[in-house]
Amino acid sequence: VDVFVLQGRMDEARHLLSKEASANPTSMNMYRILDDLMKKMPVPSIGNTQTLTELELKWQHWHEECQRYLQDGTFASNPHMESICKIMLGDEDAILEKKELMTTWYHFLVTRLLYSHPTVKPMELRFYAQSSMDLFLGGESSPEPLDMILMAAFEFEMHQVIKECSIVLSNWWFVAHLTDLLYHCKLLQSHNLYFGSNMREFLLLEYASGLFSHHSLWQLGVDYFDHCPEYGRVYLELHIERIPLSTEQKALKVLRICEQRQMHEQVRSVCKIMAMKALRNNRLGSALSWSIRAKDAAFATLISDRFLKDYCERGCFSDLDLIDNLGPSMLLSDRLTFLGKYREFHRLYGEKRFPEAARLLLTLMTAHIAPCSFWMTLLTDALPLLEQKEVIFSAEQTYELMRCLEDLTAGNPDKQKFQ
């Protein structure tokens, strides 16, 4: 019952008292009077139209009634009920007697004000808070850091609250969110700090930077940076480059974040890193698709050369699906164009579309798309077409082939090799 009364929870207190009353029929009258006083206690309710003055008047009448019953000695025979009546009168000594039921000085402050000055003005709180802390601690212990933060809050010293919290608390979560709320309520004068940004943005940047160091919370940090108009993007660009791209799935997440925000430099950087990883693991198809995504012509050329080298050694292509579906991206580099077109030649040859295959083969040589080192392979590819029963290369095309062969032998002293 004491706990409920100290918390102003009158309905629960009355419910428990009624059980007590039924067990003590002799004190029934006394219980009924106390119950009636609890029931009558004026409480401001949301949506109630009564003014503050009306509430004060009602409360004054109720207070006087409690006082009368106490002075008449109505509860004199029951110390417990008498102490409840004293608490309801806001008697500081009676409330402090129940100190062990109130764990903190601010609980004492709320109880004290509820029963002695319920219509207290916000600006007066600081005086009550200070005296409540002194009374409750009573010189036994010094105030904790949290007590100092609360005192600053009661004094409406917002910058002091934020400063104290920054010193005391172990991370930036509370400070960043409190400052953000105050800023949105237009309660925080947006004075610029000497390092450039305003306080709200500085704290959000600090909090988001902390999130980025966590293996799974870094994506939340992105949203915080998005809400920092001045430095958010710069911070995001710097942090996103430091994320360890441990898996392809994570790399795709980072890529999506960068693409949504038109961070082209970071997109290229992520794709290059992933292309290098794939190349080191000898996954040529993956490396090629990452380099195409990065629009990195030099790297695409390097990987195309690896594909062609592999083909020369093994006589077949790996990752056919990728090469067959290059589409417009094959124009990224000459070597990639050659790779795509050379694969197309093989496809036409396989489908027995010999005239088209011959035309494409010749174009690859005469247009100088093919690397010189590969000309010998192309000339060898032309031999089966020349040996077909029907004529596939026209006289003119055959002369072109012979010219290519002459160009190749002219620059190469080892004539025996071309015999």
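A few comments on the model shown:
- Spin-label model distance (nm) - residue 80 vs residue 155, 7 Å beyond Cα toward Cβ: 4.3 nm
- Anisotropy class assigned to segment 345-407 is oblate, per the alpha carbon gyration tensor with a/c at or over the 1.5 cut-off and a/b no larger than b/c.
- Whole-number D in µm² s⁻¹ for the chain, Kirkwood Cα-pair radius fed into Stokes-Einstein, 37 °C, 0.692 mPa s: 109 µm²/s
- For segment 85-131 versus segment 1-66, the gap between their alpha-carbon centres in whole angstrom: 17 Å
- Förster-model FRET efficiency, 51 Å R0, residue 248 and residue 380, C-beta, rounded to 0.05: 0.85
- A probe of 1.4 angstrom, applied to the heavy atoms of all protein chains, finds residue 127 with accessible area near 140 square angstrom.
- Summed over the residues of segment 1-153 and divided among them, the accessible surface reaches 57 Å² per residue at a probe radius of 1.4 Å.
- Remark: segment 3-95 carries a charge dipole of roughly 300 debye about the Cα centre, counting +1 on each Lys and Arg Cβ and -1 on each Asp and Glu Cβ.
- Projecting label points 7 angstrom from Cα along Cα→Cβ for residue 295 and residue 67 puts them 8.3 nm apart.
- Segment 225-285 shape via C-alpha gyration tensor axes, a/c threshold 1.5: prolate
- Each Cα pair under 8 Å and six or more residues apart adds its sequence gap; the mean of these over the residue count of segment 1-132 is a relative contact order of 22 percent.
- Separation of the residue 410 and residue 181 label points, Cα + 7 Å toward Cβ, nm: 8.4 nm
- Between the listed residues 47, 209, 392, the Cα displaced farthest toward the positive end of the dipole of the chain, a dipole computed from Cβ unit charges relative to the Cα centre, is found at 392.
- Helix-only [θ]222 nm of the chain, DSSP H runs n ≥ 4, -39500 (n - 2.57) each, per residue, nearest 500: -20500 deg cm²/dmol
- Inter-centroid distance (Cα atoms) of segment 337-356 relative to segment 390-406, Å: 18 Å
- Solvent-accessible area per residue in segment 217-270 equals 58 Å², computed with a 1.4 angstrom probe and all protein chains kept.
- Per-residue 3J(HN,Hα) values for segment 12-29, derived from phi via the Karplus relation 6.51 cos²θ - 1.76 cosθ + 1.60 with θ = phi - 60°, read 5, 4, 5, 4, 5, 5, 5, 5, 4, 5, 5, 7, 10, x, 5, 9, 3, 4 Hz in sequence order (x marks Gly and Pro).
- Three-way shape label, segment 1-60, alpha-carbon gyration tensor, a/c 1.5: prolate
- Point-charge dipole on Cβ atoms (K/R +1, D/E -1) for the chain, about Cα centre, debye to 20: 1740 debye
- Extension gain, residue 119 back to residue 99 (0.36 nm per residue minus Cα-Cα distance, nm): 4.8 nm
- Cβ-derived FRET efficiency at R0 51 Å, residue 306 paired with residue 391, nearest 0.05: 0.85
- Residue 60-residue 214 FRET efficiency (beta carbon distance; Förster radius 56 Å; 0.05 resolution): 0.50
- Accessible surface of the chain [probe 1.4 Å, protein heavy atoms]: carbon and sulfur percent: 55 percent
- Dipole of the chain, positive end: most advanced residue of 29, 304, 274 [Cβ charges, Cα centre]: 304
- The chain: most fluctuating residue of 243, 33, 303 per GNM, C-alpha cutoff 10 Å: 33
- Taking 0.36 nm per residue of sequence separation and removing the Cα-Cα distance, the residue 265/residue 127 pair yields an extension gain of 43.9 nm.
- Whole-Hz couplings from phi, Karplus 6.51/-1.76/1.60, listed for segment 221-231; x for Gly and Pro: x, 4, 4, 5, 4, 4, 9, 10, x, 8, 10
- The fraction of Cα-Cα pairs per 5 angstrom bin, counted from 0 for segment 109-234, comes to 2, 10, 16, 17, 15, 13, 9, 7, 7, 3, 0 percent, rounded to whole percents.
- Relative contact order of the chain, pairs being alpha-carbon contacts under 8 Å that are 6 or more residues apart, as %: 5 percent
The values are calculated or read from the model by the stated rules, or taken from the named source; none is laboratory data. Keep in mind the model is a prediction, meaning the values are calculated, not measured. Heads up, the Cβs are rebuilt from the backbone with ideal geometry, glycines too, and the neighbour counts pull from every protein chain shown. The area values use the complete protein model at the heavy-atom level, side chains included, leaving out ligands, DNA and RNA. Shrake-Rupley method; radii C 1.70, N 1.55, O 1.52, S 1.80 Å.
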